[in-house]
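Heads up, the thing below is written out as structure tokens.
The values are calculated or read from the model by the stated rules, or taken from the named source; none is laboratory data. From a predicted model like this one, the values you see are computed outputs, not experimental measurements. Glycine also receives a Cβ, built like all others from the backbone with ideal geometry; neighbour counts cover every protein chain displayed.
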Amino acid sequence: MTLQGAEPTVPESAWSKSSYSSGGGGECVEVATALATVHVRDSKNPDGQVLTVSPAAWSPFVRLVGERLG
């Protein structure tokens, strides 16, 4: 896992907002996937830090969150 600064590592058009995010100002997460990485950022601060993980780490995380929210 790495944290990157404000320099974009993926095109702006690659980012997508979580379907659980609302327009009400709550916690909003955006994700951009690439072949060997998954990038995560705070949609309220798109110029802030980006968390980068491997797809192997991202998949179980998403599954666990889905179980907790489901």
Point to revise | Where a residue in the range 37-52 is farther than 12 Å from A14 by Cβ and its partner, wherever it lies, is at pLDDT below 90 and basic (K, R), with Cβ under 7 Å and at least six apart | key: S43/K17
Review point. Cβ-Cβ below 7 Å, separation at least six or inter-chain, first residue in the range 54-65 and farther than 12 Å from V31 by Cβ, second surrounded by 12 or more Cβ atoms within 10 Å (Cβ to Cβ): which pairs?
Key: S54/T37
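This table checks each residue for (1) in a loop (DSSP other than H, G, I, E, B); (2) surrounded by 15 or more Cβ atoms within 10 Å (Cβ to Cβ); (3) modelled with pLDDT of 90 or more.
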residue	(1), (2), (3)
V10	yes, yes, no
S22	yes, no, no
V40	no, yes, yes
N45	yes, no, no
L51	no, yes, yes
E67	no, no, yes
